[in-house]
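The values are calculated or read from the model by the stated rules, or taken from the named source; none is laboratory data. What you are looking at is a predicted structure, and each value in this text was computed from that prediction instead of being measured. Here the Cβ positions follow ideal geometry from the backbone for every residue, glycine too, while neighbour counts run over all protein chains shown.
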């Protein structure tokens, strides 16, 4: 008799002892004892001196799921630590690679220095790379000094991407100036989450991964970028785990919400995009992201799902 069948029999007959269970099951007592031991290890029952005690299926299943979730989180944390270790070694390795590069398999490496190195690198090599831009920004002091015109150009460029995310230190919520900056970027669809501890400044845009020359810096004055799909995916893997741990801040607008609000009134997608000051192609990407979020494939189904979700405008 397999484990599941024996557990079902236990629930039906409620034997008091392993010996009584073996008799009820018409099975060898030794074999029944082995199955009972496995069930006890899984938490479905408990056995002491041959006596069987029961927990409700809901109770022990919840406990088992909680154990599995803890194990998954621990495994994810361990994996994230290993990935972070790999990423942290990259800047030094890439500098040496760039010096000794002689192979035909060139991995383009770019280095920038100066107080605006972090911004300059993105402007120079990545701003039009892909439709996603994800960044980790441990030190936000620089944003308080950014020229408003330069900030506006960043916002315009971000508005053309499908997904723009930024991980920030949790302490930023205590500074109203930083909260106001985050709200301005949220208006063009940037998503924000916060963490107590961020490992280092870095970002990924398309197939470009950018890192500080010295891993762990919050706002580096020397940065290195590498155009490599494989390394960019490595960075995204670390980023996804950090993002999972983060908490949303404020009331960031869902990038598709303003479009859906207009379309609900009968405005076409392209017309809604233009009315909001974004390219229709960007509007289509945002609606595609909404469909992915709600697991639907048509505009009608998206409208129904969004309505059923309470028509949220914030994350």
Condition first: modelled with pLDDT of 85 or more, in a loop (DSSP other than H, G, I, E, B) and surrounded by 19 or more Cβ atoms within 10 Å (Cβ to Cβ). Can you find one or more residues in segment 267-279 that meet it? no
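Among residues belonging to segment 61-82 that are under 22 Å from residue 224 (Cα atoms) and either modelled with pLDDT of 70 or more or touching a strand residue (DSSP E or B) at 6+ places or on another chain (Cβ under 6 Å) (or both), point out the one that is surrounded by the most Cβ atoms within 10 Å (Cβ to Cβ). Don't jump to the end; show me each part of the working.
Within segment 61-82, the first condition is being under 22 Å from residue 224 (Cα atoms), and the residues that meet it are 80-82.
From what's left, either modelled with pLDDT of 70 or more or touching a strand residue (DSSP E or B) at 6+ places or on another chain (Cβ under 6 Å) (or both): 81-82.
Values: 81: 13, 82: 11.
The extreme case among them is 81.
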Counting only residues that are touching a helix residue (DSSP H, G or I) at 6+ places or on another chain (Cβ under 6 Å) and surrounded by fewer than 21 Cβ atoms within 10 Å (Cβ to Cβ), segment 196-220 contains a total of 6
Does residue 238 fit the bill of being surrounded by fewer than 21 Cβ atoms within 10 Å (Cβ to Cβ) and in a helix (DSSP H, G or I)? no
Residues satisfying the stated conditions in segment 190-227, i.e. over 16 Å from residue 135 (Cβ atoms), in contact with a strand residue (DSSP E or B) (Cβ under 7 Å, 6 or more places away or on another chain) and part of a loop (DSSP other than H, G, I, E, B): 213, 221
How many of the residues making up segment 228-241 are within 17 Å of residue 194 (Cα to Cα) and out of contact with any strand residue (DSSP E or B) (no Cβ under 6 Å at 6 or more places or on another chain)? 3
Under 7 Å between Cβ atoms, which residue pairs at least 6 apart in sequence (or on different chains) link something in segment 162-179 that is within 24 Å of residue 235 (Cα to Cα) with a partner that is at pLDDT below 85 and assigned to a helix (DSSP H, G or I)? 164/158
Consider residue 14 against the criteria (1) surrounded by 14 or more Cβ atoms within 10 Å (Cβ to Cβ); (2) in contact with a strand residue (DSSP E or B) (Cβ under 9 Å, 6 or more places away or on another chain): it satisfies all of them except one. Which criterion is unmet? (1)
Could you tell me whether segment 244-253 includes any residue that is in contact (Cβ under 8 Å) with a residue 60 or more places away in the chain, out of contact with any strand residue (DSSP E or B) (no Cβ under 8 Å at 6 or more places or on another chain) and part of a helix (DSSP H, G or I)? yes
Condition first: at pLDDT 80 or above, assigned to a helix (DSSP H, G or I) and out of contact with any strand residue (DSSP E or B) (no Cβ under 6 Å at 6 or more places or on another chain). Now tell me which residues in segment 158-172 satisfy that. 171, 172
So residue 183 clears everything in (1) touching a strand residue (DSSP E or B) at 6+ places or on another chain (Cβ under 7 Å); (2) at pLDDT 80 or above except one condition, right? Which one? (1)
What are the residues in segment 181-198 that are more than 13 Å from the chain's Cα centre (by Cα) and closer than 10 Å to residue 164 by Cα, if any? 185, 186, 188, 189, 190
